[in-house]
Structure formats: C-alpha cells, structure tokens
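**Student:** There's a structure below that I have some questions on.
The values are calculated or read from the model by the stated rules, or taken from the named source; none is laboratory data. The structure displayed is predicted, hence computed values, not measured ones. Here the Cβ positions follow ideal geometry from the backbone for every residue, glycine too, while neighbour counts run over all protein chains shown. Keep in mind that these areas ignore ligands, DNA and RNA; they rest on the heavy atoms of the full protein, side chains included. Shrake-Rupley method; radii C 1.70, N 1.55, O 1.52, S 1.80 Å.
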Amino acid sequence: MEQNDKIEAAVFRRLLAHLDSRKDVQNIELMNLAGFCRNCLSKWYVAEAEKLGQEVDADAARELVYGMPYSEWKANHQLPATPEQLAKFEAIQAAKK
C-alpha cells in the first residue's frame, strides 16, 4: 500500500504540474469538458485531509493546486467566462438534476 500511495502522490504532483503548464485552459473549460476544475481539486484535497483527521485551510489547498495564491492566479490568468461557456455549464448542471 505504501508504494501505491507514493505512486498516487507522484501522479497528483504531475497533474498539478500539467495544469500549471496550461494556465491558458480556463476552469470553466475544464468543468465543461471533464466535470472538474482546479477549484474542485483543492476542495477534494481539503475533504480527503478531513477524512484522515487533518485540518487543511481551503486557501492553503488552493495555493497548493494553483502554485500561487488564488487571488494572484485569478488576476493574472483567469478570463471572464464567455456567454457560450456559461450556457454550456448551465446546461450540463441542469442535465444532472
């Protein structure tokens, strides 16, 4: 199990590095295509830490995922969602209900 944990941790770090190299890919695009985004990853991180009895601050988790404070990432890399992106997101959310 320990080796598996190391592999999974390495894969997670690789995923974060990949997302960091693709700052051009917006969270709304990730949500529309894959059903999750960088914010989801940070929320999952907090949730899994809680299951293990660890407290992780949501802002710290976001910084881990984004590689910088979220406010900095948002100011430098996040574009406003287009009407088309928002419409697709809403349609996907409505279909889940």
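**Student:** Looking only at helices (runs of 4 or more DSSP H) that lie completely in the range 14-79, which have at least 1 residues being open to solvent by less than 40 Å² (accessible area, probe 1.4 Å), aliphatic (A, V, I, L, M) and in contact (Cβ under 8 Å) with a residue 40 or more places away in the chain?
**Tutor:** Answer list for the range 14-79: 27-34, 58-66.
**Student:** While we're on this one: Identify the residue in the range 80-97 that is free of Cβ contacts under 8 Å to residues at least 40 places away in the same chain and of a type in the set (A, V, I, L, M) and, among all such residues, is nearest to R22 (Cα to Cα).
**Tutor:** The residue in question is A87.
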